[in-house]
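What follows is a single structure, written as structure tokens, with notes after it.
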Amino acid sequence: MNTKVDVAIVGAGTAGLAALRDVRRQTDNFVLINKPPYGTTCARVGCMPSKTLIAAANAFHATTLLDTFGVRGAAQLEADIPAVLERVRALRGDFVASVLKSTEGLGQRSIEGHARLDGEHRLIVDGNVIEADQIILAPGSSPVVPKPWRAFSDRLLTTDTLFEQTNLPARIGVIGLGAIGVEMAQALSRLGIEVHGFDGAEQMAGTTDAKIAKALHSALSREFAIHLGADVDLAEVEGGIEIKWGQDRVVVDKVLVAVGRRQNVQDIGLETLGVPLDDKGLPEIDPQTMRIGTTSVLLAGDANGQNALLHEGSDEGHIAGLNATSDTPIKLDRRTPMSITFSSPQVASVGKRADHPELEDCLVGEVDFSAQGRARVIQKNEGLLRIYATRGDGRLLGAEMAAPAAEHLAHLLALAIDQNLTVYDLLRIPFYHPTLEEGMRTALREIARELPKCSVSDLAGCAALETAALE
Ligand SMILES: Cc1cc2nc3c(=O)[nH]c(=O)nc-3n(C[C@H](O)[C@H](O)[C@H](O)COP(=O)(O)OP(=O)(O)OC[C@H]3O[C@@H](n4cnc5c(N)ncnc54)[C@H](O)[C@@H]3O)c2cc1C
Ligand SMILES: NC(=O)c1ccc[n+]([C@@H]2O[C@H](COP(=O)([O-])OP(=O)(O)OC[C@H]3O[C@@H](n4cnc5c(N)ncnc54)[C@H](O)[C@@H]3O)[C@@H](O)[C@H]2O)c1
């Protein structure tokens, strides 16, 4: 078979399918090549099954708080883990089915197989050649499993295998406490499994603000054992896997490896493009067009090593699809950075992160949710929110939090940062009582106190900043 098309898309994941939508609007002469499985990482083994597991764990955990509310009898309840996992797979099946619908009817334009570049206009798919004017690569990423650990086969889990389990053992070690490790370690612990979490670094879930990292550590360590700065070694022993770190050791039944994901670019032929590749084998791309240099190849989604998040991958597929079908470059501005880890408290980061040079001399306002009214009422009174703003005019730069309902606070703050608003602009919105958003107002007011004096009145305008501000 020798095929000549306008556009070839490699990867039927979130990024590839987003690209497909734009490409289809411009041409019928395309192919979508995917190495099975189909259904996207997000729906199959990523965002959706993980959040389904977390929802079950949180529902069960909530029953442990009932006594505090004066509701008795919850101690009799137990988590039926096989049933929990069955529900995860059932919902996962629905999410995958709806993804698969988007490629129905492609016929011969949908090709199953491993694609490899052979220069900027050719792909080899299982021995067949496909020539394309433009090529969009969106091959995603895969869990990293250090080589020496692969020998533990059945005792080793990754998120590719976790949701396929029909039951889970009594003791699980989680190595790596990034977003995946933290989410899964807490969920497993909340389902009644003895969890031991480890990370080589000192901060979890990608936090960059030391105070937020500390607040998160303090909340999570009440639920499961956490070992940070731990250089772990694994060994198979009678009845399980021994995890060794320093002078300490613990035996668990299985280990979930969550030490990061590697871009699927090892065998995709990027070296045939003749552009420089970094130590991960990745080329430089323009994040506004997704194009690799001046070649006819675009690289989108997890595979480009930039932002391994669903909404970013989807945007990147869209940008790549537009550019692959346009004679002139279409440069799109990227969104305000935002990430959320679905632990309790949730971890979120918006805008510039604490390690950004611009935040070296900024104003910081914070709120501790342990004493916050609404958080106490709903028994979710833990965590910290920190907001960063410019010293001169209080323009919002970013925020990091380990806080209740951080997913909602993060979206509100992202809108404010995107709109280039100041602390006073945000203080002008109504804050209903009693809400968690009032906690955010506390942090904003702390910054406002450092800004040029406005008025002593709570409903005053701020002439110095030329903005009406209800503090
Ligand atoms: C456990 C987990 C939880 C997550 N939770 C969240 C979350 O809550 N929120 C969030 O924003 N993000 C989350 N993510 C990240 C999110 O899932 C990814 O960023 C997103 O799915 C990446 O999409 P993609 O299109 O780049 O890759 P994928 O969806 O993996 O698609 C890549 C496709 O390319 C195919 N392929 C690979 N190589 C080739 C080749 N050579 N030839 C042909 N086809 C090939 C693959 O088989 C695959 O079908 C999570 C990830 C994981 C693992
Ligand atoms: N809620 C979400 O948005 C969400 C959830 C899950 C995953 N994701 C995406 O998936 C990506 C991958 O997630 P991840 O958590 O696997 O990767 P990660 O890179 O975010 O975290 C990996 C963690 O493992 C640690 N680590 C690495 N090697 C280690 C070792 N040998 N021993 C102990 N610790 C070690 C690192 O210090 C790090 O904290 C994330 O970057 C994120 O983009 C997002």
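Please state which one of Val275, Val251, Val255, Val259 is closer than 30 Å to Leu188 by Cβ, in a loop (DSSP other than H, G, I, E, B) and not polar (S, T, N, Q).
Testing whether each residue is closer than 30 Å to Leu188 by Cβ, in a loop (DSSP other than H, G, I, E, B) and not polar (S, T, N, Q) leaves just Val259.
From the set of residues in segment 418-450 that are farther than 16 Å from Glu366 by Cβ and surrounded by 23 or more Cβ atoms within 10 Å (Cβ to Cβ), which is modelled with the highest pLDDT?
Thr422
Could you say whether any residue in segment 183-193 is touching a residue at least 24 places away in the same chain (Cβ under 8 Å), basic (Lys, Arg), surrounded by fewer than 18 Cβ atoms within 10 Å (Cβ to Cβ) and not assigned by TED's automatic domain parsing to the domain that holds Leu77?
No, that holds for no residue.
Go through segment 166-195 and count every residue that is within 14 Å of ligand 1 (Cβ to nearest atom) and either hydroxyl-bearing (Ser, Thr, Tyr) or part of a loop (DSSP other than H, G, I, E, B) (or both).
So the count comes out to 3.
Taking segment 8-27 as the search range and keeping residues that are more than 16 Å from ligand 2 (Cβ to nearest atom) and farther than 21 Å from Arg122 by Cβ, which one is surrounded by the fewest Cβ atoms within 10 Å (Cβ to Cβ)? Outline the logic, then answer.
Here is the first cut: in segment 8-27, the residues more than 16 Å from ligand 2 (Cβ to nearest atom) are 8-12, 16-27.
Add one more test, that the residue is farther than 21 Å from Arg122 by Cβ, and what stays is 17-18, 21-22, 24-26.
Working: Leu17: 23, Ala18: 25, Arg21: 13, Asp22: 21, Arg24: 16, Arg25: 10, Gln26: 15.
Per the criteria, the residue is Arg25.
Is it the case that Thr295 is of a type in the set (Ser, Thr, Tyr), touching a strand residue (DSSP E or B) at 6+ places or on another chain (Cβ under 9 Å) and closer than 22 Å to Arg25 by Cβ?
no
Within segment 231-256, track down each residue that is of a type in the set (D, E, K, R) and either closer than 17 Å to Leu157 by Cβ or touching a helix residue (DSSP H, G or I) at 6+ places or on another chain (Cβ under 6 Å) (or both).
Once the filter is applied, which keeps residues that are of a type in the set (D, E, K, R) and either closer than 17 Å to Leu157 by Cβ or touching a helix residue (DSSP H, G or I) at 6+ places or on another chain (Cβ under 6 Å) (or both), segment 231-256 yields Glu236, Glu242, Asp253, Lys254.
Please work out if Glu131 is exposed (fewer than 13 other Cβ atoms within 10 Å of the Cβ) and either part of a strand (DSSP E or B) or among the acidic types (Asp, Glu) (or both). Steps first, answer last, please.
Details: exposed (fewer than 13 other Cβ atoms within 10 Å of the Cβ): no; either part of a strand (DSSP E or B) or among the acidic types (Asp, Glu) (or both): yes.
Taking the combined requirement at face value, the residue does not satisfy it.
Check Arg334 against each of (1) assigned to a loop (DSSP other than H, G, I, E, B); (2) within 16 Å of ligand 1 (Cβ to nearest atom); (3) closer than 19 Å to Ala205 by Cβ and name the one condition it does not meet.
All conditions pass for Arg334, except number (3).
Would you be able to tell me the number of residues in segment 197-215 that are of a type outside the set (Asp, Glu), surrounded by 17 or more Cβ atoms within 10 Å (Cβ to Cβ) and within 12 Å of ligand 2 (Cβ to nearest atom)?
Residues that pass the stated criteria total 8.
Test Asp233 against the stated conditions and say whether it is part of a loop (DSSP other than H, G, I, E, B) and either buried (at least 21 other Cβ atoms within 10 Å of the Cβ) or among the acidic types (Asp, Glu) (or both).
no
Within segment 304-324, how many residues turn out to be within 12 Å of ligand 2 (Cβ to nearest atom) and either under 22 Å from Thr27 (Cβ atoms) or hydrophobic (A, V, I, L, M, F, W, C) (or both)?
3
Residue under question is Ala62, and the condition is that it be surrounded by 15 or more Cβ atoms within 10 Å (Cβ to Cβ) and more than 13 Å from ligand 1 (Cβ to nearest atom); does it hold?
Numbers: surrounded by 15 or more Cβ atoms within 10 Å (Cβ to Cβ): no; more than 13 Å from ligand 1 (Cβ to nearest atom): yes.
No.
Residue check, Ala308 against (1) within 8 Å of ligand 1 (Cβ to nearest atom); (2) outside any loop (DSSP other than H, G, I, E, B); (3) within 25 Å of Leu270 (Cα to Cα), all met but one. Which one?
Single failed check for Ala308: (2).
Just to be sure, is Leu270 over 30 Å from Ala348 (Cα atoms), surrounded by 14 or more Cβ atoms within 10 Å (Cβ to Cβ), of a type outside the set (Phe, Trp, Tyr) and in contact with a strand residue (DSSP E or B) (Cβ under 9 Å, 6 or more places away or on another chain)?
Yes.
Taking the condition under 26 Å from the mean Cα position of the chain (by Cα), part of a strand (DSSP E or B) and crowded, with 20+ Cβ neighbours inside 10 Å, does Ala402 pass? Quick ask: steps written out before the conclusion?
Working: under 26 Å from the mean Cα position of the chain (by Cα): yes; part of a strand (DSSP E or B): yes; crowded, with 20+ Cβ neighbours inside 10 Å: yes.
Yes: the conditions hold for Ala402.
Tell me, please, whether a residue that is outside the structural domain of Gly197 (by TED's automatic domain parsing) and crowded, with 24+ Cβ neighbours inside 10 Å can be found in segment 358-367.
Yes, segment 358-367 contains a residue that is outside the structural domain of Gly197 (by TED's automatic domain parsing) and crowded, with 24+ Cβ neighbours inside 10 Å.
Take segment 343-392 and flag every residue that is assigned to a loop (DSSP other than H, G, I, E, B) and of a type in the set (A, V, I, L, M, F, W, C).
Answer for segment 343-392, where residues must be assigned to a loop (DSSP other than H, G, I, E, B) and of a type in the set (A, V, I, L, M, F, W, C): Ala354, Cys362, Ile378.
How many residues, within segment 344-367, are without any contact (Cβ under 8 Å) to a residue 24 or more places away in the chain and under 15 Å from Leu409 (Cβ atoms)?
Matching residues across segment 344-367 total 0.
For segment 337-385, which residues satisfy the criterion of being within 16 Å of ligand 1 (Cβ to nearest atom) and of a type in the set (Gly, Ala, Ser)?
Ser339, Ser343, Ser344, Ala348, Ser349
Check whether at least one residue in segment 100-110 is surrounded by fewer than 16 Cβ atoms within 10 Å (Cβ to Cβ) and under 30 Å from Val259 (Cα atoms), and report yes or no. Break it down into steps so the answer makes sense when it comes.
To start, the set of residues in segment 100-110 that are surrounded by fewer than 16 Cβ atoms within 10 Å (Cβ to Cβ) comprises 100-102, 104-108.
From the residues that got through so far, the ones that are under 30 Å from Val259 (Cα atoms) too are 100.
Yes, segment 100-110 has at least one match.
Being more than 16 Å from ligand 1 (Cβ to nearest atom), at pLDDT 95 or above and polar (S, T, N, Q) is true for just one of Thr68, Thr41. Which residue is that?
Being more than 16 Å from ligand 1 (Cβ to nearest atom), at pLDDT 95 or above and polar (S, T, N, Q) holds for just one of Thr68, Thr41, which is Thr68.
The values are calculated or read from the model by the stated rules, or taken from the named source; none is laboratory data. What you are looking at is a predicted structure, and each value in this text was computed from that prediction instead of being measured. For neighbour counting, all protein chains shown are included, and Cβ atoms are generated from backbone atoms with ideal geometry for every residue, glycine included.
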